[in-house]
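The values are calculated or read from the model by the stated rules, or taken from the named source; none is laboratory data. For clarity, every value in this text was computed on a predicted model and none was experimentally measured. With ideal geometry, Cβ positions are generated from the backbone for all residues, glycine too; neighbour counts draw on all protein chains shown. Accessible surface areas use protein heavy atoms only, side chains included; no ligands, DNA or RNA. Shrake-Rupley method; radii C 1.70, N 1.55, O 1.52, S 1.80 Å.
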Number of protein chains: 2
Amino acid sequence: MNVARKSGTVRHYIHILRKEIRETPSKMFYNILFLLLVSYRATQALENGLARTPPMGWMHWERYRCITDCKNYPNECISENLFKRTTDLLVSEGYAAAGYEYVIIDDCWLEKSRDNVTNKLVEDRYRFPSGLNHLADYIHNSGLKFGLYQDYGTHTCAGYPGVINHMALDAQTFAEWDVDYVKLDGCYADTATMDAGYPEFGRLLNKTGRPMIYSCSWPVYQEYEGKIPDYEALKQHCNLWRNYDDIDDSFESVAKIMDYFSKNQDRIQPHGGPGHWNDPDMLILGNYGLSYDQSKLQMAVWAILAAPLIMSNDLATVRPEIKAILQNRDVIAVNQDPLGIQGRRILIQKNIEVWARPIMPRNAAGDYSYAVAFVSRRTDGAPYPISFNLKEIGLRSQRGYDVFNLYDKTEQLGLYKSLDSFYTRIIPNGVNFYKFTVLGSPNRY
Amino acid sequence: MNVARKSGTVRHYIHILRKEIRETPSKMFYNILFLLLVSYRATQALENGLARTPPMGWMHWERYRCITDCKNYPNECISENLFKRTTDLLVSEGYAAAGYEYVIIDDCWLEKSRDNVTNKLVEDRYRFPSGLNHLADYIHNSGLKFGLYQDYGTHTCAGYPGVINHMALDAQTFAEWDVDYVKLDGCYADTATMDAGYPEFGRLLNKTGRPMIYSCSWPVYQEYEGKIPDYEALKQHCNLWRNYDDIDDSFESVAKIMDYFSKNQDRIQPHGGPGHWNDPDMLILGNYGLSYDQSKLQMAVWAILAAPLIMSNDLATVRPEIKAILQNRDVIAVNQDPLGIQGRRILIQKNIEVWARPIMPRNAAGDYSYAVAFVSRRTDGAPYPISFNLKEIGLRSQRGYDVFNLYDKTEQLGLYKSLDSFYTRIIPNGVNFYKFTVLGSPNRY
């Protein structure tokens, strides 16, 4: 991310080293060696080494909003209880094994004012009675990681205290709470100061020495005002960032986000990559607004977009067929592809959109494999047949491709050459999602 | 509907009577008595006695459109096979027992030209190889009824021959094919002639002596041109009529129809009633575009609107939880309420709509019971709490109401007085659908 963060890490090691020199001089050689390696890397890289693939996890906002009334809504209010239950369900229902890792508290977890004496942020005492360190331990003991929301401005979007005048203190408090992921929103703030302020908070997080994923909201607030965010700075200072509006529980909202990301892809897409991701917001699968087929559609497009896969739903009530989509290993593998190249909408024909993403494996000639989603924006009843020449949708390898249906392993598709026509039939609001594995790669000859 | 239709029926009986006088003079007395009764009624009423409650059934259009390629899509093409399978499924899956009765062929069932010699309409010989009489028998032998589409203009919307220049012949052909329900579309036609032409075809149907429900599309074509249809004429000549656009497979489409019917309810709603119904188009439950909760929503609002319940889906693949909505006896009872009063959208508050319909039973004071649907047009994640004074939503009985959740019999709600506040919490895209049974009615004291 930046040198300061690495320097923080270095200082942390010097501190440990000094302590160890006093206590166990025999370990000194190895520690000096390690320190030298860390210092070397710190001068080379601007990154914090986190989020090499898009983060996966769960966040409360889309589903639970700012429900604080635990008396009337004990299972829905933003509370220790909700995050412990969700942690348990992530593990027991198989989500953790599928890769969902970060349990993230969004807005509405704070007391309305800071501590009188220390000025520190205070978690809501009634809803988080055991404190955030306890909750962090609970999450960590389940093998998961702990994320927390704050806001760059004077107040969070829901009106709780923001970080603006207490940045160093708050960064330190986050580290003390064993936070692994920080989402910094941008309500009640001057967008003109964000270009400097967001990186500053990132440096302060780094200075704590605790590795924390840093999720920024600064581009979306600048875009609201018609400004073009500085994506080079974002890549340097943030692990992910929100580009567009909050997602809502409707297909209309998913579609608007898809339209934004595709219409603006020339300026957005190139900036996504390992360590720094564009974030189209949460997965809403398992809630009330998407049909089964629309659920597959969001999951496929988010995989193509190399989007963070942060669910927001009630894991206790997700239907089995939706859980199967959320845990589809082949689709998740596309999302988590190590190349980290964000996909694009390649073309639209008769209201069928073709979205494609270069993925591994590559062959000896350097050709990529591809994930390709044929997305229907049609609503006229019957499945709609369409065919494309592979070259036309960007699949140009001379060797050809072996094709697999990522949602239906039983479909036999076979081999296609670059000039072959690929025929498919897509249901309304649906997606056909295929992997085109290039021939001549180590695992496909 | 009109005297002509009844006269046709009378002529039919005279014909049978003459035959019977020759054959079995002993039956004469009863036949004359019956004939007198029929004639008496014919001079009193303009109705054909059909569709006393909104018709229920299945029609192919929304789901299957104009698929005519039986070679590539054998299970989806508009063919004898599709309607036989659907007939079987209506019975075996319990839809027939729930009230779904009419199996209706929409557009694309015809040969492209009429018979060279007789000028008669000809069913597609490849796709309906056994002929329509055979199919009608098949449907009738299953205890169901047979519906058929045609078009008032020179061509149907998909380009097959329309009725305009062969009205008498076509009405007779429909009767010969044992049709029970005619949907007459309005493509390729002069809307200015519809005010006379649609009633004329109705009269010709009546003249055949065969009772056929007559579904008109004339208002929607006039509305397209900004004209106000003559609803009094519609009530006199048609059993149901389409007011607005074709439904598509999306919640957006359902919502647009709801908006149209509520925004225009002052001029539309009063005309619905026993024998003559406004038709917001097909139920799309069981297809691709609606979530589970949106499915409950369409069913509830269609029940409030006293809408024909004509499904268009693949009955072989409807999921069990959606089938349960389609067959919900309590919701169907609201739709089929004998009073036949079309409901209305009463108010909107914070994007929650309240739809209500007066239904049976009534009490001694003449107060109605009500079906009330609290419909959320919100998409912001969490369930939204709202409360209404019952009087505010039109429930003014001094006696009060006993409240039942029509989708969830386990919910205990109890008694409410007119000035009581009724609290409910509605999920995004969802509906809470209640029956308020007025106290003091024969079955609620």
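Taking a straight Cα-Cα cut-off under 20 Å and skipping sequence neighbours fewer than 8 places away in the same chain, the aspartates and glutamates within cross-link reach of B:Lys409 are B:Asp293, B:Glu321, B:Asp330, B:Asp337. Secondary structure note: in the protein assembly as shown, about 60% of the DSSP beta bridges are antiparallel.
Sorting A:Lys71, A:Lys256 by accessible area (1.4 Å probe), largest first, what list results?
From most exposed to least exposed: A:Lys71, A:Lys256.
Per residue, the Cα convex hull of the stretch A:294-349 amounts to 95 Å³. A 1.4 Å probe over all protein chains sorts A:Cys238, A:Cys66 by accessible area into A:Cys66, A:Cys238, starting with the largest.
When a/c reaches 1.5 or more, the comparison of a/b and b/c decides; with that in mind, is the protein assembly as shown rounded, prolate or oblate per its Cα gyration tensor? Prolate, because a/c is 1.5 or more and a/b exceeds b/c. By DSSP, the beta bridges lying fully in chain A are antiparallel in about 60 percent of cases. Helical runs assigned H by DSSP (4 residues or longer) give the protein assembly as shown a calculated mean residue ellipticity at 222 nm of -10000 deg cm²/dmol, each run adding -39500 (n - 2.57) before division by the residue total. Evaluated at q = 0.08, 0.12, 0.14 Å⁻¹, the base-10 log of the normalised Debye intensity for chain B, with identical point scatterers placed on the Cα atoms, takes the values -0.49, -1.05, -1.33. Rank A:Ile426, A:Ile284, A:Ile78 by mean-square fluctuation in a GNM of chain A with C-alpha springs under 10 angstrom and give only the top-ranked residue. Result: A:Ile426 has the largest fluctuation of those listed.
A crude spin-label estimate for the pair B:Arg52 and B:Asp115, with each label 7 Å from Cα along the Cβ direction, gives 3.7 nm. Divide the volume of the convex hull around the Cα atoms of the stretch A:175-295 by the residue count and you get 134 Å³ per residue. For B:Gly131, the distances from its label point to the matching points in the remaining copies are 8.9 nm, ordered from shortest, with each point set 7 Å beyond Cα toward Cβ. Here is how far apart the B:Ile228 label points are across copies: 5.4 nm, shortest first, using a point 7 Å from Cα toward Cβ. When the alpha carbon gyration tensor of the stretch A:345-438 is reduced to an equivalent ellipsoid, its three semi-axes come out at 23, 13, 11 angstrom, largest first. Compute the signed sum of charges (Lys and Arg +1, Asp and Glu -1) over the other residues within less than 10 Å, Cβ to Cβ, of B:Ala316. Around B:Ala316, the charge tally is -2. Beyond 21 Å, what share of the Cα-Cα pairs of the stretch B:62-134 is found? Please give it as a whole percent. Of all Cα-Cα pairs in the stretch B:62-134, 33 percent lie more than 21 Å apart. So, R0 is 22 Å and r is the distance between the beta-carbons of A:Thr317 and A:Asp69; what FRET efficiency does that work out to, to 0.05? Here the calculated transfer efficiency is 0.65.
Each Lys and Arg adds +1 at its Cβ and each Asp and Glu adds -1 at its Cβ; summed about the Cα centre, the protein assembly as shown shows a dipole of about 760 debye.
Histogrammed with a bin width of 10 Å, the alpha carbon distances of the stretch B:353-400 distribute as 22, 45, 22, 9, 1 percent, first bin at zero. Relative to the longest principal axis of the Cα atoms of chain A, helix A:251-263 runs at roughly 90 degrees.
If the chain linking A:Leu419 and A:Lys227 were pulled fully straight, counting 0.36 nm for each residue of separation and taking away their Cα-Cα distance, it would gain 64.9 nm. If R0 is 35 Å, what FRET efficiency do you get for B:Asn389 and A:His166 from their C-beta distance, rounded to 0.05? Computed FRET efficiency for B:Asn389 and A:His166: 0.15. Across the stretch B:335-387, Cα pairs under 8 Å and at least six residues apart give a relative contact order of 29 percent.
The longest stretch of chain A left intact once loop-based GluC sites (Glu not before Pro) with at most 16 other Cβ atoms within 10 Å are removed from consideration, loops following DSSP, is A:226-410. Mean partner shielding of peptide A:373-385, defined as the number of other chain Cβ atoms within 10 Å of each residue Cβ, is 5. For the residue pairs A:Lys71/A:Lys323; B:Lys227/B:Lys263; A:Lys296/A:Lys417; B:Lys183/B:Lys207; B:Lys145/B:Lys435; B:Lys296/B:Lys435, the alpha carbons lie more than 22 Å apart in A:Lys71/A:Lys323; A:Lys296/A:Lys417; B:Lys145/B:Lys435.
As a size descriptor, the averaged projected area of the C-alpha convex hull of the stretch A:191-247 was calculated at 4.0 nm². When restricted to Cα atoms, the stretch B:134-235 yields an Rg and a Dmax of 13.9, 44 Å, respectively.
Taking amide H positions as modeled 1.01 Å from N, with prolines and chain starts lacking one, the residues under 5 Å from A:Gly186 and 5 or more places away or on another chain are A:Tyr152.
Per Stokes-Einstein, at 37 °C and 0.692 mPa s, what whole-number D in µm² s⁻¹ belongs to the stretch B:216-351, with the Kirkwood radius over Cα pairs as the hydrodynamic radius?
Working: Rh = 15.4 Å.
Stokes-Einstein gives a translational diffusion coefficient of 213 µm²/s.
Taking amide H atoms as placed 1.01 Å from N in the peptide plane, the amide H of A:Ala306 lies under 5 Å from those of A:Gly343, each 5 or more residues away in sequence or on another chain.
Percent relative contact order of chain A, based on C-alpha pairs within less than 8 angstrom and at least six residues apart?
13
Per the rotation superposing chains A and B, the chain A residue found at the smallest beta carbon distance from the axis is A:Ser291, 2, distance in Å.
Relative to the other identical copies, A:Arg329 shows label-point distances of 4.7 nm, where the label point lies 7 Å from Cα along the Cβ direction and values run shortest first.
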